[in-house]
1. Got a number for residues in the range 1-14 being within 20 Å of residue 96 (Cβ to Cβ) and more than 14 Å from the ligand (Cβ to nearest atom)?
2. Here's a check for you: in the range 15-43, which residue that is closer than 17 Å to residue 113 by Cβ and touching a strand residue (DSSP E or B) at 6+ places or on another chain (Cβ under 9 Å) is nearest to the ligand (Cβ to nearest atom)?
3. Here are some residues: 286, 264. Which one is more than 29 Å from residue 194 (Cα to Cα) and in contact (Cβ under 8 Å) with a residue 40 or more places away in the chain?
4. Give me the pairs: first residue in the range 215-237 and at pLDDT below 95, second residue part of a strand (DSSP E or B) and exposed (fewer than 15 other Cβ atoms within 10 Å of the Cβ), beta-carbon distance under 8 Å, and six or more apart or on different chains, which are they?
5. Keeping to the range 68-106, report how many residues are more than 10 Å from the ligand (Cβ to nearest atom), surrounded by 18 or more Cβ atoms within 10 Å (Cβ to Cβ) and part of a loop (DSSP other than H, G, I, E, B).
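The values are calculated or read from the model by the stated rules, or taken from the named source; none is laboratory data. Everything numeric here is computed off the predicted structure, so don't read it as measured data. Cβ: placed from backbone, ideal geometry, glycine included. Neighbour counts: every protein chain shown.
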Ligand SMILES: NC(=O)c1ccc[n+]([C@@H]2O[C@H](COP(=O)([O-])OP(=O)(O)OC[C@H]3O[C@@H](n4cnc5c(N)ncnc54)[C@H](O)[C@@H]3O)[C@@H](O)[C@H]2O)c1
């Protein structure tokens with residue numbers, strides 16, 4: 001088997017590129033919170049360049065991460081740009097398309113979510129990549145997480161039976177973190193048939209992406225079942241999580257994936273002949289989210305070598321973008337919006 005290392009550049013060296021690595025709280029739980037941490041360790045990638053117009057980011061790349069080729073733009077990289085096979089696009093979503101032009105021998109990109117500020121922008125980017133034969137992996141990282149993959153592959157129904165209902169929670173913006181939760185719902189429960197706003201909850205604006213807002217909504221899945229999505233104010237506390245009620249118990253994935261708890265079905269304490277879910281008898285299960293970004297890279301290297309499919313392809317991320325757009329444009333009056341038929345099949 002080939003062990004060739006793919007020559008890689010990080011384009012956009014901000015918080016997700018490297019900055020979060022300096023957060024001591026994050027370091028305790030996420031050994032791989034940033035692209036820099038993965039690239040410093042991963043045996044299938046050779047980190048050869050960083051591009052960022054910010055002089056502080058350039059300085060960090062040279063001094064803290066010992067990257068040799070550091071420039072303000074891809075053009076400023078000179079000849080080295082031709083060697084780059086993999087680009088990590090960790091810029092804001094609106095400044096990615098132009099970067100492709102400066103990297104003529106790209107074979108793959110790992111793109112930060114969201115894929116674009118809207119579906120048209122996401123589609124345009126994917127089309128460009130398709131025409132150039134570039135693989136697109138999108139860092140919607142739950143898709144690469146070992147435990148979440150096991151849950152989606154059957155562990156969830158093994159533990160709690162058929163899902164009755166699920167409640168997702170998110171904050172800091174529908175486009176920003178709603179993307180993660182809607183994509184996670186697709187990963188766990190399959191494609192979405194319809195969406196509708198839950199207008200008794202007031203929308204509010206909070207989060208890093210201009211024009212983004214936080215809305216309550218519900219989705220109905222093609223395979224049956226439904227889920228609600230309720231926004232929380234991150235100014236109070238953060239959460240991107242889900243509580244899932246099954247026929248034989250409950251499964252919580254909370255604290256942004258760090259706490260996985262399974263609650264069993266038992267005899268009801270207060271009524272003979274009835275049952276309950278024992279909320280005080282959680283079995284905590286191991287979380288693997290701290291390594292999910294590393295696994296995203298491993299999967300990308302396997303896809304580049306032709307031994308695996310991408311776990312979070314551009315096409316899959318586009319379906320999530322389309323859903324987010326459906327939710328944003330769903331009538332505030334709460335009527336159901338049927339998701340266009342082409343969303344139904346791709347996983
Ligand atoms: N997957 C996740 O869980 C996750 C988490 C955080 C952020 N993100 C995403 O990562 C992206 C970046 O977010 P961030 O928080 O790191 O932002 P940031 O502002 O900290 O970093 C962005 C960096 O990109 C640089 N940049 C801007 N335009 C550029 C260009 N044309 N070429 C090169 N560099 C350029 C900026 O100077 C900055 O240093 C966003 O799309 C965000 O949604 C994803």
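1. To start, the set of residues in the range 1-14 that are within 20 Å of residue 96 (Cβ to Cβ) comprises 6-14.
If we keep only those that are more than 14 Å from the ligand (Cβ to nearest atom) too, we end up with 6-8.
Going through the range 1-14 one residue at a time, the tally reaches 3.
2. Here the residue is 16.
3. Details: 264 fails: in contact (Cβ under 8 Å) with a residue 40 or more places away in the chain.
Step by step, each of 286, 264 is checked, and only 286 is more than 29 Å from residue 194 (Cα to Cα) and in contact (Cβ under 8 Å) with a residue 40 or more places away in the chain.
4. Hits for this filter: 225/164; 225/165.
5. The number of residues fulfilling the criteria is 4.
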